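Following: one structure in structure tokens, then a few remarks.
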Amino acid sequence: MSIYGKPGIKAWAVEDRPREKLISRGISALTDGELIAILISSGNSKESAVELSRRIMDSIHNNLHELGKLNCDELKRFRGIGEAKAVTLIAAMELGRRRNQSEALEKGQI
């Protein structure tokens, strides 16, 4: 139970926790909301990081392209998202954008 009287993620079954799920089942086993929850690390007094992340995703119709358009102020409207978490999300979205624009390195055969 968290300090707020609501069960936190630590009370969840280990296989349902986003970090542990990633380690045990691989990155593809996680939803977009669970990946975002890993980035933001914690929720607020009323919802876990996963619940907060799902709410954010619901607000943009579960569209990562739309998430990438949100600025700091728009993200900070969600209770539990402050400047540091907003910046983390924006940086992660930018890394994804840059990765999509970069070319994969060709590996020579030995």
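Tabulated values for the structure
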| quantity | calculated |
| --- | --- |
| Heavy atoms of residue 73 accessible to a 1.4 Å probe, total area in Å² rounded to 10 | 100 |
| Lys/Arg +1, Asp/Glu -1 at C-beta; the chain dipole; positive extreme among 108, 45, 61 | 45 |
| Rounded Å value of the spacing that divides the Cα centres of segment 64-110 and segment 23-37 | 16 |
| Full-extension gain in nm, residue 72 to residue 87, via 0.36 nm per residue minus C-alpha separation | 4.7 nm |
| Å² of accessible area per residue within the chain, as computed with a 1.4 Å probe and no ligands counted | 72 |
| Shape metrics for segment 56-110, restricted to C-alpha atoms - Rg then Dmax, Å | 15.2, 53 |
| Protein accessible area in the chain, 1.4 Å probe - carbon and sulfur % | 53 |
| Percentage relative contact order, the chain, counting C-alpha pairs under 8 Å, at least six apart | 17 |
| Cβ crowding within 10 Å averaged over residues, with 79-89, 33-43 ranked highest first | 33-43, 79-89 |
| Between 0 and 90°, nearest 10: helix 49-59 axis offset from the chain longest Cα axis | 70 |
| Helix 83-101 vs. the chain, principal-axis angle (Cα, 0 to 90°, nearest 10) | 20 |
| Residue-averaged 222 nm ellipticity for the chain, from DSSP H runs of 4+ at -39500 (n - 2.57), nearest 500 | -14500 deg cm²/dmol |
| Accessible-area ranking of 105, 64, 75, largest first, probe 1.4 Å | 105, 64, 75 |
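The values are calculated or read from the model by the stated rules, or taken from the named source; none is laboratory data. Keep in mind that what you see is a predicted model, and the values were worked out from it rather than measured. Neighbour counts are summed over all protein chains in view; Cβ atoms, including those assigned to glycine, are modelled from backbone coordinates with ideal geometry. Accessible surface is based on the protein model in full, side chains and every heavy atom, while ligands, DNA and RNA are left aside. Shrake-Rupley method; radii C 1.70, N 1.55, O 1.52, S 1.80 Å.
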